[in-house]
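Trainee: This is the structure I have questions about; it appears just below.
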Amino acid sequence: MKTSMIRLFKPGDRVQRKSGGPVMIVQKYAREHSILLGWYESNYSVECSWLGPNGFHKEIINQNNLKKATASYRKRAPLKQKGKDAVRKLHRKPSRQDQAQRNSM
């Protein structure tokens, strides 16, 4: 039994198999059963879930087979303006002045 192994992930971390595959979310470290100890929380088996084309999936995977997912899928283009004005300009109707500026371009 490997009780001294360090936990590499926390619940909520986005991970992926080292061999590739979908990005999964760590739910928790899985519980395992030992004849001597009974049920205990594992330090190396991770319960992961993800949403695929065939629905919701859940699997228990050894943490040594996982890596943290790259953050490139979460990057978004920044707004040109910050603050309340940026939000307002996205949701308001264009004025006649805005339409005239677009037509002159």
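Trainee: Across segment 29-43, which residue is nearest to residue 63 (Cα to Cα) among those that are surrounded by 15 or more Cβ atoms within 10 Å (Cβ to Cβ), modelled with pLDDT under 85 and not small (Gly, Ala, Ser)?
Mentor: It comes out as 43.
Trainee: From the list 54, 65, which one is polar (S, T, N, Q) and touching a residue at least 40 places away in the same chain (Cβ under 8 Å)?
Mentor: On inspection, the qualifying residue turns out to be 65.
The values are calculated or read from the model by the stated rules, or taken from the named source; none is laboratory data. A quick note: this is a predicted structure, and the numbers were derived from the prediction, not measured. No Cβ is skipped: glycine too gets one built from the backbone with ideal geometry, and neighbour counts run over all protein chains shown.
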